[in-house]
Amino acid sequence: MRSTKIKIGVAGAAVSLLALMLAGWATGARTTTTAAPIGSGKASATKSVCGLGTGKKATGKAIKIGGIGMLIPGVDFTTIGKVAKAYFDCVNDNGGINGRPVQYILYNEQLNPAQQAALARKLVESDKVVGIVGNTSFTECGTNWKYYKSKGFTVIGAGVQAECFGTPVFVETNMGPRYSNIGAAQALVRAGAKSLVVASPSTIAAYADGGVLKVAEKAGIPSKSLPVTLPVTDANTIIQQLYQAAGPGGGIILDFTPDTAPALMKAAIAQGLVDKVKWGSSTPIANTFMAGQFPEFDGKLYINSEFGLLDASQGPDTRLMLAVLKKYTKIDPQAFAQMGFMAGQFATQALLNVKGEVTAKSYNRAVRALKNVKTDMLCKPWYVGNALPYHIPSNWDITVDYKDGKVVLKEKCFAIQAVDKELAQTRVWEKKYKLNTGG
Amino acid sequence: MHSVVGFAIFGVDWEFFKPYIVLGLALGGVYALSGVGLVVLYQATGVLNVAFGAIGAAGALIAYWMINHTSWPHWLAYVTCVAFGGVVNLVYGLVFGPAFAARDPLVKMMGTLGLALILLGLMAWRAPVGGAFARFLPLPSSSHTFELFGAFMNWTQVIALGLAVALTAGTTAFLRLTNLGTAMRGLANNREITGMLGVPVRRVEAAAWFGSGLVAGAAGLILPDLITSLDYSALTFLVIAALAAALIGRLRSLWVTMAGGLAVGLAQAIFAPYASLTRYRSAAPFVLAIIALLWLSRRRVVTITRTAR
């Protein structure tokens, strides 16, 4: 009897404590305002709007668009789809697609090919989406590209693996880790790095790191790829390994998302290595949160940024994205938000270009016709380019750095070195078909 | 690139090795700490608690929230983290312990897997990862550093190692010298007979659950500082290394478990300079556990008999 009372007492106290902690843990929802819809008005050189920009809610029959985002320990790629949805929400508050709202369906996958294949089929065959937008994964492009091709879909997303940039169905708003790492390597070579060492997640390292090794070879300096298994549990060891491979004065490129990169950067600080090598990175850590966390790296980073600065002065598209993020999401400004915003924006442009009924066939035909799409988030206009066998529409970058808690420009737009024949061929097509020249 | 000169081990310069040994021992200290916590609970209750890492991670997230979203003193957050581990483990033990008491060890372990998944779900819900954001839970001890064999050590790493040794020594003494410890050892030998001798089984088990939970909370507090970020998935899956340490100790010996934890940390670190081995570092806990189990059972005689019907 006594032990039962003690048990009940302990359990009661514990439940109260847990409830208190969980309640406190809650970060609180953001308040929404009832002000006039953002993204409304007339589009101009200084103003970007959501879709038609009417300021009126779309009420017709929904047009379904779908997406698949990867979510695994250590990496969350669902941000891209979530921001694409935020843009569609803004479009829906501004007249939709000629009065019809966009219903965006986003599924998560965990690097399981069977799950990836099933979700693609669910979207196309069960949900009856007309288009696929915002997909981002380490492996989904490889799993599903043949299926999407068989169904006549052209996917606007953000790519990671080789198939995202080497098959006809994917047209990414980003250039992916391989080309971004090449950009970082170019910046480090220009800065006088004596060697190049690149570390990517082991799942993608074979593709993502290969370009850096080619850049080093052309520059006549030694290089090495050291894949890292996620999640990182021994950052100090990994950072020592990278330093020993690079040697003093060498260059180290970290190719990780903000879920993982901070552990390695903290370890570099703890091990006193910040000033011993030159530090490069691919795009994902170019954001103010990271800049604020790592003042030790101020002026010492060569981050290849695939997109413009996350600053309102960048231009009207960036201003609109910042407003959309604030109103429709809890997501902080970041590179993944830029990818998702552009995916939503380009898909909306295709939807609005459709003449007649919006079907999977008419929408995907409109997607393939996109070219010279201007945005202040990219160095050059974006395009799809119809029947190209593969697409690398984003292939110019900037280099950024951290300074006083902000991301600042270090090098203006430059062309990613065409060490791969695919990129060299892409530039030939761009000229031949006037894909991004404004013509 | 560095040239390999001087005293070399299988082609790698000794100078390269030294920082890895220091870093490996520091990480191994926490594996040892966690492994000892697992073994104590297993000895007293027969439960291999795979939620150990998730409990520590949840406690660490609560401490993170207290430090970053309240004006409460930091020490209170640290205490809460450790206490959270004890309380969650105790509640689980009180509620599910009796129900699972007579079941197979595998069933008991699967129960704790359920707890781990629930905690992971809660953490993913309330503290999602991703985007332009990461959490850190630095301890004051990590701001004090010193150089040792080419690697920078901080006092958190020293504390992790020291705590592992202290916990092992303290638990060994506790099990041998106190009535509660004797009762726990009795439970480990035979739960029913110990109960028949008048030992309050449930209360002794509750003490084991609580004590083991405190260790989970302590590991959860120290690990984010050691692995340099508060990644709850990484913390949750660190239980794998602790399990390997516990298996090396055959779920019995605290000192061998401690040595196993240190060995796992060390192996993971010293594989790093070898290009051919570095990608297999994450497999080190399993490989070491298998080698240790084969070695420890090398003189066992397997007898196969046929029962007459």
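The values are calculated or read from the model by the stated rules, or taken from the named source; none is laboratory data. Remember, predicted model here, so these are calculated numbers, not experimental data. Neighbour counts run over all protein chains shown; Cβ positions are idealised from the backbone, glycine included.
With the stretch B:92-191 as the region, which helices (runs of 4 or more DSSP H) entirely inside it contain at least 1 residues that are within 12 Å of chain A (Cβ to nearest Cβ)?
So the answer is B:105-126, B:155-177.
Of the residues in the stretch B:231-242, how many are surrounded by 24 or more Cβ atoms within 10 Å (Cβ to Cβ) and either over 16 Å from A:Asn236 (Cα atoms) or without any contact (Cβ under 8 Å) to a residue 60 or more places away in the chain (or both)? Give the steps one after another, and end with the answer.
Step one: list which residues in the stretch B:231-242 are surrounded by 24 or more Cβ atoms within 10 Å (Cβ to Cβ), which gives B:231-232, B:234-236, B:238-239, B:241-242.
Now narrow it down to the ones that are either over 16 Å from A:Asn236 (Cα atoms) or without any contact (Cβ under 8 Å) to a residue 60 or more places away in the chain (or both): B:232, B:234, B:236, B:239, B:241-242.
Going through the stretch B:231-242 one residue at a time, the tally reaches 6.
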Practice item. Run A:Ala366 past the list (1) assigned to a loop (DSSP other than H, G, I, E, B); (2) surrounded by 19 or more Cβ atoms within 10 Å (Cβ to Cβ); (3) free of Cβ contacts under 8 Å to residues at least 40 places away in the same chain and report the number of the one that doesn't hold. Key: (1)
Check your understanding: Do you know which of the residues in the stretch A:221-237 that are under 26 Å from B:Glu147 (Cα atoms) and in contact (Cβ under 8 Å) with a residue 12 or more places away in the chain is farthest from the other protein chains (Cβ to nearest Cβ)?
Key -> A:Val228
Exercise for review: Scan the stretch B:208-230 and report the pairs whose first residue is touching a residue at least 60 places away in the same chain (Cβ under 8 Å) and closer than 12 Å to B:Gly56 by Cβ and whose second residue is in a loop (DSSP other than H, G, I, E, B) and among the small types (Gly, Ala, Ser), with Cβ atoms within less than 9 Å and a gap of 6+ or a chain change.
Suggested key: B:Ala216/B:Ala51; B:Leu230/B:Ala127; B:Leu230/B:Ala134
Check your understanding: Mind checking which residues of the stretch B:247-269 are more than 14 Å from chain A (Cβ to nearest Cβ) and β-branched (Val, Ile, Thr)?
Key -> B:Ile248, B:Val256, B:Thr257
Review point. In the stretch A:290-314, which residue that is over 20 Å from the mean Cα position of the chain (by Cα) and in a helix (DSSP H, G or I) is farthest from the other protein chains (Cβ to nearest Cβ)?
Key: A:Ser313
**Study point:** Residues (in contact (Cβ under 8 Å) with a residue 40 or more places away in the chain and among the charged types (D, E, K, R)) located in the stretch A:312-350
**Key:** A:Asp317, A:Arg319, A:Lys327, A:Lys330, A:Asp332
Check your understanding: So, of the residues in the stretch A:54-84 that are in a strand (DSSP E or B) and within 14 Å of another protein chain (Cβ to nearest Cβ), which turns out to be farthest from the chain's Cα centre (by Cα)?
Key -> A:Ile72
Review point. Hey, any hits in the stretch A:231-243 for a residue that's buried (at least 24 other Cβ atoms within 10 Å of the Cβ) and closer than 16 Å to A:Val189 by Cα?
Key: no
Review point. Any residue at all in the stretch B:199-214 that is away from chain A (no Cβ under 13 Å) and surrounded by 24 or more Cβ atoms within 10 Å (Cβ to Cβ)?
Key: yes
Exercise for review: Give, as residue ranges, the strands (runs of 3 or more DSSP E) completely inside the stretch A:132-235 that count at least 2 residues that are under 30 Å from A:Ala387 (Cα atoms) and under 19 Å from the mean Cα position of the chain (by Cα).
Suggested key: A:155-157, A:170-172
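So, in the stretch A:246-289, exactly how many residues are more than 7 Å from every other protein chain (Cβ to nearest Cβ) and more than 14 Å from A:Pro201 (Cα to Cα)?
From the stretch A:246-289, those more than 7 Å from every other protein chain (Cβ to nearest Cβ) are A:246, A:248-257, A:260-261, A:264-265, A:268-269, A:273-286, A:288; that's our starting set.
After this cut, where a residue has to be more than 14 Å from A:Pro201 (Cα to Cα) as well, the list is A:246, A:248-252, A:265, A:268-269, A:273-280, A:283, A:285-286, A:288.
Summing the residues that are more than 7 Å from every other protein chain (Cβ to nearest Cβ) and more than 14 Å from A:Pro201 (Cα to Cα) in the stretch A:246-289 gives 21.
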Practice item. Could you tell me whether any residue of the stretch B:231-246 is assigned to a loop (DSSP other than H, G, I, E, B), within 13 Å of chain A (Cβ to nearest Cβ) and touching a Lys or Arg at 6+ places or on another chain (Cβ under 9 Å)? Key: yes
Check your understanding: Could you list, in sequence order, the residues of the stretch B:143-160 that are over 18 Å from B:Ala246 (Cβ atoms) and among the aliphatic types (A, V, I, L, M)?
Key -> B:Leu148, B:Ala151, B:Met153, B:Val158, B:Ile159
Review point. Which of the residues belonging to the stretch A:315-338 are outside any helix (DSSP H, G or I) and closer than 18 Å to A:Thr283 by Cα?
Key: A:Ile331, A:Asp332, A:Pro333, A:Gln334
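A quick yes/no check of all residues on (1) surrounded by fewer than 23 Cβ atoms within 10 Å (Cβ to Cβ); (2) farther than 30 Å from B:Leu235 by Cα; (3) at pLDDT 95 or above:
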{"position": "A:Cys90", "(1), (2), (3)": "no, yes, yes"}
{"position": "A:Tyr104", "(1), (2), (3)": "no, yes, yes"}
{"position": "A:Pro113", "(1), (2), (3)": "yes, no, no"}
{"position": "A:Ala118", "(1), (2), (3)": "yes, yes, yes"}
{"position": "A:Gly131", "(1), (2), (3)": "no, yes, yes"}
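Using the structure shown, decide if B:Ala284 is more than 12 Å from B:Ala57 (Cα to Cα), within 9 Å of chain A (Cβ to nearest Cβ) and either part of a helix (DSSP H, G or I) or without any contact (Cβ under 8 Å) to a residue 12 or more places away in the chain (or both). Give the steps one after another, and end with the answer.
Numbers: more than 12 Å from B:Ala57 (Cα to Cα): yes; within 9 Å of chain A (Cβ to nearest Cβ): no; either part of a helix (DSSP H, G or I) or without any contact (Cβ under 8 Å) to a residue 12 or more places away in the chain (or both): yes.
No.
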